[in-house]
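Read the figures in this text as sums done on the coordinates, not as results from a lab. Predicted model, so just to flag it, every value in this text is computed and none were measured. Here the Cβ positions follow ideal geometry from the backbone for every residue, glycine too, while neighbour counts run over all protein chains shown.
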């Protein structure tokens with residue numbers, strides 16, 4: 001609920017009014033690689049068979065990943081999704097380690113999103129880093145809706161909250177550019193990003209999400 005609210009909530013969402021389909025791959029913040037792969041495969045099939053409107057590409061927000069290893073099968077599932085015109089936006093993770101040692105962060109498709117601090121445009125101390133991180137977005141003191149309520153909000157932190165900001169902006173771009181491909185979406189977001197993130201780890205980008213609609 002929190003991630004969906006940041007992405008497309010009617011009050012505070014980055015892309016208000018966007019159509020969201022939730023695919024459950026975690027239970028109480030944990031899950032298996034096989035369940036994640038099944039979820040990605042379901043999303044690919046659903047988009048292929050049931051896509052509506054004029055959009056060529058769907059946005060897939062992945063605020064999850066492995067915690068200590070690379071999964072080639074999970075990476076392959078994300079690569080297949082990309083080929084099926086699904087653009088993955090992937091949280092880099094919150095362990096302050098190299099994101100290239102994890103999946104789907106190491107899949108090499110879509111955008112991997114790190115977190116910046118609340119008061120300065122610093123890389124958050126918890127944010128994963130490295131050459132697999134493509135862009136940063138806010139990830140501290142994020143206001144998000146509480147599950148099961150209509151008007152209650154929490155304050156949280158994590159790259160799981162950074163990713164939906166990028167997903168929301170990607171959705172806004174697709175709304176205005178309905179025939180854009182995954183490659184074009186990535187190129188657009190990176191071209192508009194600003195080199196403002198400071199105190200970044202070695203071999204890590206300094207690009208900060210930026211959008212002027």
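On the basis of the beta-carbon distance and an R0 of 41 Å, residue 73 and residue 121 show a calculated FRET efficiency of 0.70.
A viscosity of 0.692 mPa s and a temperature of 37 °C, combined with the Kirkwood radius over C-alpha pairs in the Stokes-Einstein formula, give the stretch 100-213 a diffusion coefficient of 222 µm²/s. Report note on the peptides 135-143, 103-111, 180-188: ranked by the mean count of other C-beta atoms within 10 Å, highest first, their order is 103-111, 135-143, 180-188.
Shown here are the Rg and Dmax of the Cα trace of the stretch 59-112, at 10.1, 32 Å. Counting Cα-Cα pairs of the chain in 5 Å increments starting at 0 gives whole-percent bin shares of 1, 8, 16, 21, 22, 17, 11, 3, 0.
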